[in-house]
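Step one of this worksheet: look at the structure below.
The values are calculated or read from the model by the stated rules, or taken from the named source; none is laboratory data. Values in this document were obtained by computation on a predicted structure and should not be read as measured data. For neighbour counting, all protein chains shown are included, and Cβ atoms are generated from backbone atoms with ideal geometry for every residue, glycine included.
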Amino acid sequence: MSEKVKYTADDIKKIIKEKKVEFIKLQFCDINGTVKNMSVPATQIDKVLNNESMLDGSSIKGFRNIETSDMYFYPDISTFTILPFREDKQAGTNVARIICDIHNPDGTPFEGDPRSNLKRVMKKAKDLGYEMNVGPEAEFFIFKKDENGKPIMETHDRAGYYDAAPEDMGENLRKEIVRTITAMGFEVEASHHEVADGQHEIDFKYENALTSADNIVTFRYAVKTVANKHGVHATFMPKPG
């Protein structure tokens, strides 16, 4: 996303009311970078903003054991956004997302939380006089699904680098992804077919390391969701095959 919005708690509550937000997804990543979330009714927003929403860390890879499983969501309200692909047009309601840090019961950052660790490393760099900026070049593959909706090892197309339609069968899919992430605040610079069969690239503006990490998490979530809507499977594996 471009410059993060400086929301206040009152701003969040106002948007929830105006946009008829029904649910809020509290998102975080495990140690493998897999996006996890817990959905709460929007009526729980005060509890969320007061860092009172709990999770069980015993079943999250790399987190806690059953004896010390209680953990807390600490939302970064600058990451609050409406999820365009979760709109319930019939009911007229929306779903929002907030990316969270994970903290221990005593309020300290959980040492296994990737986002908290990135913030710690960025502070060390800043103390040394450096600023960490990242310009992601996000590439992904699109595979077909079988009649049961399971991904198969057949790419969506056989196009190559910078190919156009009809060889590039992902143009409309990429356009919808771009529209989706633009609505979520991204500044998209370009999109095109990549070198390999079924490989695609969408480039967005560089940011500081934390914002870029949040952007990549959001991007992956959006790409997979839009691809599934189109009846195909998106993967960020380096070179599947």
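Is it fair to say Ala209 is in contact with a strand residue (DSSP E or B) (Cβ under 7 Å, 6 or more places away or on another chain) and either under 19 Å from Val5 (Cβ atoms) or not assigned by TED's automatic domain parsing to the domain that holds Ile99 (or both)?
yes
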query: Which of (1) under 13 Å from the mean Cα position of the chain (by Cα); (2) not in a helix (DSSP H, G or I) is the odd one out, the single condition Thr218 does not satisfy?
result: (2)
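Per-residue answers, yes or no, for (1) in contact with a strand residue (DSSP E or B) (Cβ under 7 Å, 6 or more places away or on another chain); (2) crowded, with 18+ Cβ neighbours inside 10 Å:
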{"residue": "Phe80", "(1), (2)": "yes, yes"}
{"residue": "Asp88", "(1), (2)": "no, no"}
{"residue": "Val95", "(1), (2)": "yes, yes"}
{"residue": "Pro105", "(1), (2)": "yes, no"}
{"residue": "Asp113", "(1), (2)": "yes, yes"}
{"residue": "Phe140", "(1), (2)": "yes, yes"}
{"residue": "Lys144", "(1), (2)": "yes, no"}
{"residue": "Asn148", "(1), (2)": "no, no"}
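Report yes if some residue within the range 182-203 is outside the structural domain of Val35 (by TED's automatic domain parsing) and assigned to a helix (DSSP H, G or I); otherwise report no.
yes
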query: Regarding Ala159, is this residue farther than 27 Å from Phe28 by Cα, without any contact (Cβ under 8 Å) to a residue 60 or more places away in the chain and surrounded by 18 or more Cβ atoms within 10 Å (Cβ to Cβ)?
result: yes
query: If Glu154 satisfies every condition in (1) farther than 25 Å from Pro84 by Cβ; (2) in contact (Cβ under 8 Å) with a residue 60 or more places away in the chain; (3) exposed (fewer than 14 other Cβ atoms within 10 Å of the Cβ) but one, which is the exception?
result: (2)
- prompt: Can you name the residue in the range 207-241 that is surrounded by fewer than 16 Cβ atoms within 10 Å (Cβ to Cβ), of a type outside the set (A, V, I, L, M, F, W, C) and in contact (Cβ under 8 Å) with a residue 60 or more places away in the chain and is also nearest to Met132 (Cα to Cα) among such residues?
  reply: Asn208
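From the list Ala190, Ala165, pick out the single residue that is more than 30 Å from Ile24 (Cβ to Cβ) and touching a helix residue (DSSP H, G or I) at 6+ places or on another chain (Cβ under 8 Å).
Ala165
Condition test on Ser69, is it over 20 Å from the mean Cα position of the chain (by Cα) and either modelled with pLDDT under 95 or closer than 23 Å to Val223 by Cβ (or both)?
Here the answer is yes, as Ser69 does meet what is asked.
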- request: Can you tell me which residue among Ala159, Ala125 is in contact with a strand residue (DSSP E or B) (Cβ under 8 Å, 6 or more places away or on another chain) and farther than 26 Å from Lys36 by Cα?
  value: Ala159
- request: At least 2 residues that are under 29 Å from Ile16 (Cα atoms) in each: list the strands (runs of 3 or more DSSP E) lying fully within the range 63-174 that qualify.
  value: 70-75, 94-103
query: Can you name the residue in the range 19-37 that is under 15 Å from Thr79 (Cβ atoms) and at pLDDT 95 or above and is also surrounded by the fewest Cβ atoms within 10 Å (Cβ to Cβ) among such residues?
result: Lys25
